[in-house]
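Colleague: Handing you this structure, nothing more for now.
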Amino acid sequence: MSAIKKTERATSAATNGAAAMSIQALYFASLADAANCQQETIKVEPSTSLSELYERLSQKHGFSHSQQELRVAVNDYFANWTDPINDGDSVVFITPVAGG
């Protein structure tokens with residue numbers, strides 16, 4: 001294979017790798033029921049916010065909770081809905097909890 005072809009393949013692979021990130025979405029309670037799973041790996045664009053991620057997953061799974069009803073955490077820390085997502089992050093959507 002020519003050096004040009006190798007460079008083109010390497011550039012293409014690097015570009016494709018930067019085009020999507022892999023994150024873990026974790027679900028509990030009614031969200032897990034609606035998603036029919038407790039976690040899944042999602043591919044997202046680097047500029048995706050947590051709000052955009054939830055909207056995408058809500059459409060996919062038919063979640064009944066609005067963002068205003070939920071909290072979101074990234075890598076075990078509460079986050080803002082406008083925060084960016086990084087490759088390899090673990091995102092948890094937390095439903096309202098009632099206690100006694």
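The values are calculated or read from the model by the stated rules, or taken from the named source; none is laboratory data. No experiment lies behind these values; they were computed from the predicted model shown. We place every Cβ from the backbone using ideal geometry, glycine too, and count neighbours over all the protein chains shown. Keep in mind that these areas ignore ligands, DNA and RNA; they rest on the heavy atoms of the full protein, side chains included. Shrake-Rupley method; radii C 1.70, N 1.55, O 1.52, S 1.80 Å.
Colleague: Consider segment 57-99. How many of its residues are on the phi > 0 side of the Ramachandran plot and within 13 Å of the chain's Cα centre (by Cα)? Outline the logic, then answer.
Modeller: If we filter segment 57-99 for residues that are on the phi > 0 side of the Ramachandran plot, which is where we start, we get 62, 75-76, 88.
Now drop any that are not within 13 Å of the chain's Cα centre (by Cα), which leaves 75, 88.
Of the residues in segment 57-99, 2 are on the phi > 0 side of the Ramachandran plot and within 13 Å of the chain's Cα centre (by Cα).
Colleague: For segment 41-95, which strands (runs of 3 or more DSSP E) that fit wholly inside it have 1 or more residues that are free of Cβ contacts under 8 Å to residues at least 24 places away in the same chain, buried (at least 18 other Cβ atoms within 10 Å of the Cβ) and touching a Phe, Trp or Tyr at 6+ places or on another chain (Cβ under 9 Å)?
Modeller: In segment 41-95, 71-74 are the strands (runs of 3 or more DSSP E) which contain 1 or more residues that are free of Cβ contacts under 8 Å to residues at least 24 places away in the same chain, buried (at least 18 other Cβ atoms within 10 Å of the Cβ) and touching a Phe, Trp or Tyr at 6+ places or on another chain (Cβ under 9 Å).
Colleague: Filter segment 22-40 for residues that are open to solvent by 40 Å² or more (accessible area, probe 1.4 Å) and closer than 11 Å to residue 92 by Cα and give the result.
Modeller: Those that are open to solvent by 40 Å² or more (accessible area, probe 1.4 Å) and closer than 11 Å to residue 92 by Cα: 24, 28, 38, 39.
Colleague: I'd like the full set of residues that are touching a strand residue (DSSP E or B) at 6+ places or on another chain (Cβ under 6 Å), aliphatic (A, V, I, L, M) and touching a residue at least 40 places away in the same chain (Cβ under 8 Å), limited to segment 20-40.
Modeller: Of everything in segment 20-40, those that are touching a strand residue (DSSP E or B) at 6+ places or on another chain (Cβ under 6 Å), aliphatic (A, V, I, L, M) and touching a residue at least 40 places away in the same chain (Cβ under 8 Å) turn out to be 21, 23, 25, 26, 31.
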